[in-house]
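Q: Got a structure here, written out as structure tokens. Questions coming.
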Amino acid sequence: MGLTEELNFWKYEQKCLKTIEALKKNAFSAYYFSNRNEALLYINEQLKIAKSIGVGGSMTIAQLGLHDIIISLGKEVYNHNQPGLTQSEKLEIMRKAIFTDIYFTGANAITTNGEIINIDATGNRVAAMLFGPKKVIVVAGKNKIVEGDIFTAIKRVKDWASPPNAKRLNFKTPCADTGFCSNCNSPDRICRIIAVIEKKPRLTDFEVILINEDLGF
Ligand code: SF4
């Protein structure tokens, strides 16, 4: 690692640690890892104690290869993101994922004040984050941290997450063409639900794993 990379890594580490302290003040459990391999060692330990696992739509979770890891451990997994599923199969999996031992998902933005912000089209992911699974584990890269308030975080999602997500999912929205949000009224609009989690949901064990790498968008 050259000096520039070293200093950038240090700066992001400070940002992650500051966010972790804020998340803890908001009653979440929160852990920092330098890279995805270290995070996966920890996640593997968590997986051992779970029987059923739900997975939310998340590029971060996909990049970590979590689905295959869960399968290799012989666990019951509910992941509607797998290819080849019909719409009704996906819906059934989304419903079952809500009542699992652990629900893994990414986050669209996490503020340095310790708030978690997500924008969903269907709402299955945010529903599971609010109530249902015994435990929720949010995994996020350093690129998801926002220095600012909830409105800055929402802007980050609409600038950086929703357009590539709309494009990835092949939705016919203006942002999928231009890369910019125009607060559309498209039938395919993916920004339908904004969920702000200010403090840990009262009856859910809730962990946030922050990794000093760019993951997802
Ligand atoms: S509101 Fe519409 S244009 Fe803006 S990010 Fe969402 S889907 Fe794209």
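Q: State all residues of the stretch 14-29 that are over 13 Å from residue 111 (Cβ atoms) and either in contact with a Ser or Thr (Cβ under 6 Å, 6 or more places away or on another chain) or not in a helix (DSSP H, G or I) (or both); if no residue qualifies, say none.
A: 27, 29
Q: Out of the residues in the stretch 9-33 that are surrounded by 14 or more Cβ atoms within 10 Å (Cβ to Cβ) and polar (S, T, N, Q), state the one that is nearest to residue 98 (Cα to Cα).
A: 29
Q: What number of residues within the stretch 194-204 are in contact with a helix residue (DSSP H, G or I) (Cβ under 8 Å, 6 or more places away or on another chain) and more than 16 Å from the ligand (Cβ to nearest atom)?
A: 4
Q: Which one of these does residue 170 not meet: (1) under 18 Å from the mean Cα position of the chain (by Cα); (2) more than 11 Å from the ligand (Cβ to nearest atom)?
A: (1)
Q: Quick one: in the stretch 154-166, which of the residues that are in contact with a Cys (Cβ under 8 Å, 6 or more places away or on another chain) and of a type in the set (D, E, K, R) is surrounded by the fewest Cβ atoms within 10 Å (Cβ to Cβ)?
A: Among residues in the stretch 154-166 that are in contact with a Cys (Cβ under 8 Å, 6 or more places away or on another chain) and of a type in the set (D, E, K, R), the one surrounded by the fewest Cβ atoms within 10 Å (Cβ to Cβ) is 159.
Q: Within the stretch 122-159, which residues are within 10 Å of the ligand (Cβ to nearest atom) and under 23 Å from residue 211 (Cβ atoms)?
A: Hits for the stretch 122-159 are 157, 159.
Q: Among the listed residues 180, 217, 151, which satisfies the condition of being surrounded by fewer than 19 Cβ atoms within 10 Å (Cβ to Cβ) and within 25 Å of residue 36 (Cβ to Cβ)?
A: Going through 180, 217, 151 in turn, just one is surrounded by fewer than 19 Cβ atoms within 10 Å (Cβ to Cβ) and within 25 Å of residue 36 (Cβ to Cβ): 217.
Q: Within the bounds of the stretch 174-193, is there any residue that is in contact (Cβ under 8 Å) with a residue 24 or more places away in the chain, more than 11 Å from the ligand (Cβ to nearest atom) and more than 30 Å from residue 9 (Cα to Cα)?
A: Yes, that holds for at least one residue.
Q: Any residue that is at pLDDT 95 or above, buried (at least 22 other Cβ atoms within 10 Å of the Cβ), among the hydrophobic types (A, V, I, L, M, F, W, C) and over 11 Å from residue 56 (Cβ atoms) - is there at least one of those in the stretch 103-110?
A: Yes, the stretch 103-110 contains a residue that is at pLDDT 95 or above, buried (at least 22 other Cβ atoms within 10 Å of the Cβ), among the hydrophobic types (A, V, I, L, M, F, W, C) and over 11 Å from residue 56 (Cβ atoms).
Q: Follow-up question, since we're still on this one. Looking only at the stretch 72-102, count how many residues are surrounded by fewer than 13 Cβ atoms within 10 Å (Cβ to Cβ) and either part of a helix (DSSP H, G or I) or on the phi > 0 side of the Ramachandran plot (or both).
A: 6
Q: Let me ask you something else. Return the residue satisfying two criteria in turn: it lies in the stretch 111-121 and is away from the ligand (no atom under 15 Å from the Cβ) and over 14 Å from the mean Cα position of the chain (by Cα), and of such residues it is farthest from residue 59 (Cα to Cα).
A: Taking the candidates together, the pick is 113.
The values are calculated or read from the model by the stated rules, or taken from the named source; none is laboratory data. Computed from a predicted structure; not experimentally measured. Backbone-built Cβ (ideal geometry, glycine too); neighbour counts: all protein chains shown.
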